[in-house]
Structures are given as C-alpha cells and as structure tokens.
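Down below is the structure, laid out as structure tokens.
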Amino acid sequence: MLKLFKHFKSREWCMIAACLILVVAQVWLDLRLPDYMTDITRLVQTEGSEMAQVLRAGGKMLLCALGSLGTAVLTGFLASRIAAALSMRLRSQLYHRVQSFSMEEIHGFSTASLITRSTNDITQIQMLVAMGLQLIVKAPIMAVMAIGKIQSKGCFEWSMLTTGAVVFLVAAIGCVMAYVLPKFKQIQKLTDNINRIARENLSGLRVVRAYNAEGFQEAKFAEANDALTTTQLKAQRTMVTLFPTMNLVMNGISLGVYWIGAYLIDAAALTEKLTLFSNMVVFTSYAMQVIMSFVMLCMIFVMVPRAAVSAKRINEVLDTQPKIIDGSFRGETELQGQVEFRHVSFRYPDAEEDVLHDISFTAKKGETVAFIGATGSGKSTVANLIPRFYDATEGQVLVDGVDVREYDQKALHNKLGYVSQKAVLFAGTVASNVALGDNGKGPATEEDIQKAIEIAQAGEFVNALPEKTGSHVAQGGVNFSGGQKQRLSIARAVCRKPEIYIFDDSFSALDYKTDRQLRAVLKQETAGVTSILIAQRIGTILNADQIIVLEDGQVVGHGTHQELIRSCPVYREIAESQLSKEELGA
C-alpha cells in the first residue's frame, strides 16, 4: 500500500502536512477539556469560590470544544480533497495502463477483474485515505498525549489498569485481523467473479432467452452470490466483535477507576481527598481518550485489510509491463501500403501448439489479398498480427518494408483502416462513430464523414434518420441492425483514408446485393489502397488479386479464384458448397 504514496503530488503533501497540524491542534484542544474540568471540580468543592471563576473556566472549555469542532471540519475537508485527488489520479493511471495493454495482458487479468480494479478497489483506497488522515493520524497522537497526561497524575494503580486494558485491546485486534485478512482477499476475487457472470449474462441475454437458460444463469449467479455473501458474513461477524469488546473495556475501565479511586480516597488524609477525587474524574476522561484512540484504530482496522488487498490489486495492474513495446519508427518509406509476412508462425499465450505455421505472402500497394478457410483455420489471427494486437512467435510481419515491431504503434495504426469481426459502435452520434479517433491527418470534416457513409452503402438508412449524421447511437449500437452496424464500421475505416484496409469477415451481415455494391464502390473510390480481406463467402473474394486458403493454420492454396478452382481441393470444396454449377463454370 505504501507504493501508492508515490502518486501524491507536492500539493497533496502540503495538504497532508496541514491535516497533521490540524489534528495535533484538535487533540491538544480535546485534552485541555479535562484540565478545565479539574479546575471546575476544585472550584465547586472549595468554599468561597466565586461563580465568575466557574464561568470563566466553563467559557474556556466551550472555546476549546468549538476550536476542536472547527479543526475537525477543516481536517475532514482537506482529507476528502486529498482522497478524491488520489482516486482520480489512480483511475486515470489505471485506465492509461490498460489502454497500453495487448490482448495477452487483458485476457490475463480478465475484463471483469479490470473493471473491479478500476472502480471498487479504488473506492476502497479513497475511503481509507479520507478516514485515515483523520483517524490513523489522530489515534496515536491522542493515545501518546493522553498517556502522558495520565502519567502526570502519578497514580500507579490507575496507570496499570489502563495499560492492561490497552494490551487486551491490542491482542483482540490482532486475533481478529489474523482471521479476517485472508477473507477480504477472497471477497475481492469473488467480486470479480460476480462481475464476470453479470457481464456475461447481460452481453449474452438474447442467447440466454432463446435457449430458455434463465434458470441455469440464475443458479450460476446465485452460487457466486452465495459464496460472496458467506465470505462477507464470516468477515463482518468477526469484525463486529471488536465494538462490543470496546464497550466492555471502556465501561470496565470506568468502573475500575472509580473502584480503585474509592479505596484510595477512603485511605487518604482529609486534605488529599479533594485532590484525589479531582484526579479520579480527570483520569477517567483521559482513560476514555486512550480507549477512544483504539476505538478509532479499530474503525481503521475494519477498512485496512480490504484496502490493502485493493492496493495490491491496483499495483499489479500498474506494475504490469506491456508485452508489446512501442518501437521508434515514425517515418515514411519508399513503399506505401505493402504488407508482407515472412515465415510467420504464431502461438497464443499458454497454448500448446501454434495457430499459424510458416505463413508467407506479399500484398503490394493497391492489391486485394483475401483469406478463406474453415472456422478456426487462423484467418482472424493473421489480421490481428498486422496492427500488433499480438506479436508473431516466429518470423516477421512487415508494413511498407519495416517490421511492425519497429513501428511506433500510433504511426502504424495511422496507416490502417481496421474493421473488426464484430461490429462495435460507441455511445454518441453517427458522426462521432464514423470520425472516431486520430488518423494523424487532422479531424474529419462533415464532407469526409458523408462520403465515407455513402461509400459504405450506409447513406440510405443514415439519411432517413431524424437528425441524419447527428442521430443518436446507443451504447453498443443496439438501436441499429447487424448490417447497419457493419456498414457504419466500414464507413469508420474509410473515413480514416488509410493506406491499408483490414476487413476481418466484415461483410458477413450484408446481403449479396449490398456486398457487391459496396465492394465495387470501394474498389473505385479507394484505388491504390491495399486490402486484406478475411471472408467466409466465395462471392466476396472472387475478384481478389490473391486468395490464400488456410487449413489448420497452414497455407494449402495460394492464387486467383480460377487457379485455386483447378489446383486446390479445399478451395474447390468450399466453392462447390456455395456456388452453382453455372457459376463454377463461368
């Protein structure tokens, strides 16, 4: 948890110092109250005392109480500002770190865990800092100053009683913490699991309903929920024993002080009885201050174990170094829009065997290279290696003659127009989705957006919307059909005006007519731009300059459509399953 302190800036350290000064002032004012109580007790018991003297001592007590209130309010205000600033900075750093992760790191943590770490875990740290600056600092200062006051009263019996109570409390707190800390570690992991199941259920709600799997999902969630609830109950039931223990000790110490005081006063000389009685009243106040210090520490100890686990989880993300390291190359080369694979093999993290085996091809500027094959043959994996979502295990992937590992990632991505296998839209407007991101060529104009929409064959439905390109897009694009989302995703890639297009099975939701029209317009409007095309349909890739057939991650065919029909059994089998005899003959 101490590693999180490095995230404080100089401004926060100044505010922390101010909090410390205010806490010391507050404790000093609180401990002055019993002194004035001693004066009032002595004045009340002494004959000939004037009311003005009593009122003067009472007025000083009131001023101390008001001063304590003021310093407490200021301390709370500063502590809240410090905690909020720290949580804001941690959230920002966590988000930026996750943004730099490759798919390998994200899958290593899991999406649900990263969401929990960015929200719940940071909230735990924020609560601890806000409370800690008020209580963690105040408790030991108050305990030390109160014990010093107790020692000044010079009663060995009362001091031993207070010492015994403190030792008992420390032992009780230690036993509770030893049992509870592992439970809090489990709670955070179980919270991750709850998030994962809830997110999985919400994202797959249509499938769940279509297969009448509501009961199965409810049972799955109930099992995870029960595990979390049971662990929380065990931890909280143990923690709540601290507060009855505190009350027992506080009441016991009051009773003990008065019991010992009764014997001491009874045995004292007449002239010392008043002093002993006054000391007994004041000692009780000081003893309560000592115990209250440990009560405050107990409140912190309730929060510290969870915050410690959260801090560890946050540091795990912040300390994780991305496997894909930025290169330094940002310049231009003589080649433009060329993609080359040289003997590329790839294996997913922790997989037992390669997904791709010795893949080699060159896509020159303006060419269309298509990949086709059975599901799981490695087509999308090829597409993922070009923008460096993963790095090749063996061999080289080159863009414009430069290994992608040497590129600055921003410069590399500015060359690409990527359309993912699953069409993804973000909450906002049609225009904000089409003009998403920075392509290094300045912001897209309304004319660029409109042209990209027309090329992607999305103009018909976009222009029919009430506000056209300014129309609302819901989160995930749920207010559009699958084909509409796919066309808007294609428009987003076109709007970037890239050197290389990567279409990862991004025509699958389109009807044949729209598919044909879109490809014809694309070829005309984006002449000279290289296209890497992943497809399942033969009709989509018929006119590609090169078609590469993959089977089990290996190239089993490479050529044009006519060449592959004659020479590649795998391609011919796919073609025969999709095309008529007349089309095959043609």
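Run the reach check for Lys6 against aspartates and glutamates, Cα to Cα strictly under 20 Å, same-chain hits fewer than 8 apart removed. What comes back? Straight-line reach from Lys6, under 20 Å: Asp121, Glu316, Asp319. Shown for Val166, Val430: other C-beta atoms within 10 Å of each C-beta, ranked fewest to most, produce the order Val166, Val430.
Counting only residues at least eight positions apart within a chain, or on another chain, the lysines with an alpha carbon under 28 Å from that of Lys9 are Lys138, Lys312.
Judged by the mean number of other Cβ atoms found within 10 Å, the most tightly packed of the peptides 69-81, 285-297 leads the ranking 285-297, 69-81. Taking every alpha-carbon pair in segment 2-319 and binning the separations at 20 Å intervals from zero gives 25, 45, 23, 7, 1 percent. Sum -39500 (n - 2.57) across every DSSP H segment of at least 4 residues in the chain, then divide by the residue count to get the 222 nm mean residue ellipticity, nearest 500. After summing the helix terms and dividing by the residues of the chain, the value is -21500 deg cm²/dmol. Loop-located GluC sites (Glu not before Pro) in segment 1-95 (DSSP state other than H, G, I, E, B) with a sparse environment of at most 15 neighbouring Cβ atoms within 10 Å: Glu47, Glu50.
The residue list Leu78, Ile106, Gly59 was ranked by how far each Cα lies along the charge dipole of segment 17-107 toward its positive end, using unit charges on Cβ atoms, and Ile106 comes out on top. The length gained on full extension between Glu563 and Glu332, counted as 0.36 nm times the residue separation minus their Cα-Cα distance, comes to 79.6 nm. Neighbour counts of C-beta atoms inside 10 Å place Leu385, Leu181 in the sequence Leu181, Leu385, starting with the fewest. Loop only by DSSP, 11 or fewer other Cβ within 10 Å of the Cβ. Give me the GluC sites (Glu not before Pro) in segment 315-414 that pass, ordered by residue number. Those that pass, being in a loop and sparsely packed, are Glu332, Glu334, Glu352, Glu353. Here's how it looks for Ser345: its modeled amide H is under 5 Å from those of Asp358, Ile359, Thr393, Glu394, Gly395, which are all 5 or more places away or on a different chain. Ordered by the count of other Cβ atoms within 10 Å of each Cβ, fewest first, Val555, Val339 give Val555, Val339. The alpha-carbon of Lys220 sits under 19 angstrom from the alpha-carbons of these lysines, leaving out residues fewer than 8 places away in its chain: Lys189. Ordering Thr230, Ser254, Phe216 by Cα displacement along the dipole of segment 193-289 toward the positive end leaves Phe216 in first place; charges were set at the Cβ atoms of Lys, Arg (+1) and Asp, Glu (-1).
Taken over the chain, the ratio of Cα radius of gyration to 2.2 N^0.38 Å equals 1.45.
Restricting the calculation to Cα atoms, every distinct pair contributes to the Kirkwood radius of segment 335-434, found to be 14.9 Å.
Relative contact order of segment 1-102, taken over Cα pairs closer than 8 Å and 6 or more residues apart, is 41 percent. Per-residue Karplus couplings for segment 169-175, computed as 6.51 cos²θ - 1.76 cosθ + 1.60 with θ equal to phi - 60°, are listed in order as 5, 4, 4, 5, 5, x, 5 Hz, Gly and Pro entered as x.
Normalising the average separation of contacting C-alpha pairs (under 8 angstrom, six or more residues apart) by the number of residues puts the relative contact order of the chain at 14 percent. Stretching the chain fully between Lys441 and Lys189 yields a gain of 86.3 nm (0.36 nm per residue, less the alpha carbon separation).
If only the Cβ of Lys and Arg carry +1 and only the Cβ of Asp and Glu carry -1, the dipole of segment 357-465 around its Cα centre is close to 140 debye.
Restricting segment 295-359 to trypsin sites (Lys or Arg not before Pro) that sit in a DSSP loop and have at most 14 other Cβ atoms within 10 Å of their own Cβ leaves Lys323, Arg330. If one takes the longest principal axis of the Cα atoms in the chain, at what angle in degrees, from 0 to 90 and to the nearest 10, does the Cα axis of helix 446-455 lie? With rounding to tens, the tilt is 50 degrees. In terms of distances greater than 24 angstrom between alpha carbons, the cross-link table entries Lys497/Lys523; Lys451/Lys513; Lys410/Lys441 yield no pairs at all. For the chain, the antiparallel share of DSSP beta bridges with both residues in that region comes to about 50%.
The stretch between Phe426 and Arg11, if pulled fully straight at 0.36 nm per residue, gains 145.7 nm over its current Cα-Cα span. The dipole here belongs to the chain: it is taken about the Cα centre, uses +1 on the Cβ of Lys and Arg and -1 on the Cβ of Asp and Glu, and is about 1780 debye.
Rounded to the nearest 20 debye, what is the charge dipole size of segment 199-328 about its Cα centre when +1 sits on each Lys and Arg Cβ and -1 on each Asp and Glu Cβ? Dipole about the Cα centre, nearest 20: 260 debye.
None of the figures in this text is laboratory data; all of them are computed from the coordinates on show. Nothing here was measured: the structure is a model prediction, and the numbers come from that model. Positions of Cβ are backbone-derived with ideal geometry, glycine not excepted, and every protein chain shown enters the neighbour counts.
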